[in-house]
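Read-outs: derived from the displayed coordinates by stated rules, not from any lab. It should be emphasised that the depicted structure is a prediction, and the values quoted were computed from it without experimental measurement. Neighbour counts are summed over all protein chains in view; Cβ atoms, including those assigned to glycine, are modelled from backbone coordinates with ideal geometry.
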Amino acid sequence: MSTVFDCSDPDSRAAGLTAATSALKSGRLVVLPTDTLYGLAADAFDATAVSSLLAAKRRGRDMPVPVLVGSWHTIDGLVFSVRPQARELIRAFWPGGLSLVVQQAPSLAWDLGDTRGTVMLRMPLHPVALELLREVGPLAVSSANVSGQPPAKTAAEARDQLGDLVSTYLDGGPADHAIASTIVDLTADQPRILREGAVPIGDIADVLGMSPEALSSASVK
């Protein structure tokens with residue numbers, strides 16, 4: 001049986017964060033608000049929990065799960081080599097709606113799906129998400145919906161799709177922007193946009209000193 005906590009009420013928020021922390025550390029799933037859309041979360045280092053996340057979404061290992069982090073510095077332990085371009089983008093847009101695909105550190109003991117040695121990282125701009133991340137550590141987080149269905153903009157929409165497959169729902173109200181993050185691939189010599197989203201391509205191009213055309217020439221829309 002799942003429980004919904006209203007994070008607009010301080011007492012309910014505190015209880016919800018405690019319940020979510022316990023659930024994640026016990027290998028269960030949690031739905032949390034972010035600055036883009038609602039996310040379905042599992043402990044990134046618990047392979048069984050990540051498998052449960054993929055099963056709840058009804059998707060395969062060929063679509064690996066992104067990771068949310070609670071601070072800039074967390075990435076130093078997760079990434080094989082943090083390029084200057086990555087640091088520039090992080091300084092400009094984190095916390096916020098920008099996801100970065102990078103080469104993961106080879107020593108990491110996690111299984112996010114068929115990542116081929118890469119990982120997609122983001123630091124969300126939402127107080128509930130950040131508080132949970134700082135308590136638990138990196139979380140494997142995908143949009144809180146069944147694959148092929150609309151992403152959840154509210155906790156209620158997430159619960160309608162995922163039901164009791166999720167232990168704890170943290171209700172932070174309607175998603176502020178209700179648009180997915182922009183994804184930048186930094187695994188090759190030249191950065192490229194994989195998905196247009198919350199952060200405009202022009203803003204990213206300005207930070208990188210590139211033209212928007214060069215940055216989006218290989219984009220997937």
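Here are a few things to note about the model shown:
- Global form of segment 78-168, assessed from the alpha-carbon gyration tensor, a/c cut-off 1.5: prolate
- Using just its DSSP H runs of length 4 or more, each adding -39500 (n - 2.57), the chain gives a mean residue ellipticity at 222 nm of -9000 deg cm²/dmol after division by all residues.
- Close amide H pairs (under 5 Å, H built 1.01 Å from N) link Leu125 with Asp35, Gly96, residues at least 5 positions away or on another chain.
- Which labelled figure in (i) 1.13; (ii) 0.97; (iii) 1.22 is Cα Rg over 2.2 N^0.38 Å, once derived from the coordinates: (ii)
- Full-extension gain in nm, Ala188 to Ser107, via 0.36 nm per residue minus C-alpha separation: 27.1 nm
- Overall form of segment 4-133 per C-alpha gyration tensor (a/c, 1.5; a/b vs b/c): oblate
- Here Thr3 and Arg134 are evaluated by their C-beta separation; at R0 = 25 Å the FRET efficiency comes out at 0.70.
- Selection among Leu40, Leu54, Pro150 by position relative to the dipole of the chain gives Leu54 as farthest towards the positive end (Cβ unit charges, Cα centre).
- Compared with the direct C-alpha span, the chain from Ser26 to Arg87 gains 18.6 nm at full extension, assuming 0.36 nm per residue.
- Annotation note: trypsin sites (Lys or Arg not before Pro) in segment 81-148 located in DSSP loop regions with a Cβ neighbour count of at most 10 within 10 Å are Arg116.
- Signed unit charges on C-beta, dipole axis of the chain, positive-most listed residue Ser216, Ala188, Val79: Ala188
- Its Cα centre serving as origin, the chain has a Cβ charge dipole (Lys and Arg +1, Asp and Glu -1) of approximately 440 debye.
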